[in-house]
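Beneath this line is the structure, given in structure tokens, with notes to follow.
Here, each number is a calculation from the coordinates, and none is a lab measurement. Note that this is a predicted model, so its numbers are computed, not measured. Please note: Cβ atoms are built from the backbone with ideal geometry, for glycine as well, and neighbour counts cover all protein chains shown.
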Amino acid sequence: MIGPQNDKIWTIAMNTENSNVPLLMLHGFGAGAAFWVLNFDDLAANRPVYAIDLPGYGKSSRSKFSKDAKEIEVQFCNAIERWRQLMKIDKFILLG
């Protein structure tokens, strides 16, 4: 998916037709969405499940990041919010 800032956020989506609150899975630093591969089927049994590669990881774009740690945190939050809006998700459960 391409966001308004031309950020590409790679997304794995399962059971998206289910109307329950979706689960968004965020990997840790030094990982990627594939980190969750053994959990997808069980977690998606009763709700939509999304796993994304944060900007700079996996198949997502290599965004330009600030050198300031607080600003980088804002950049990640903004990227996730743009993703949420483009996916038309009102609320989700966050797993990290």
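Assuming R0 = 22 Å, can you tell me the calculated FRET efficiency for the pair residue 8 and residue 67, based on Cβ-Cβ distance, to the nearest 0.05?
E between residue 8 and residue 67, to the nearest 0.05, is 0.50.
If packing is taken as the average count of other Cβ atoms within 10 Å, what order do 65-72, 89-96, 9-16 fall into, highest mean first?
Ranked from most to least packed, the peptides come out as 9-16, 89-96, 65-72.
Tell me the label only: which of [x] -0.70; [y] -0.64; [z] -0.49 is log10 I(q)/I(0) by the Debye sum over Cα atoms at q = 0.16 Å⁻¹ as calculated from this structure?
[y]
Ignoring everything except DSSP H segments at least 4 long, calculate the 222 nm mean residue ellipticity for the chain; use -39,500 (n - 2.57) per segment, divide by total residues, nearest 500.
Helix-only estimate at 222 nm: -7000 deg cm²/dmol.
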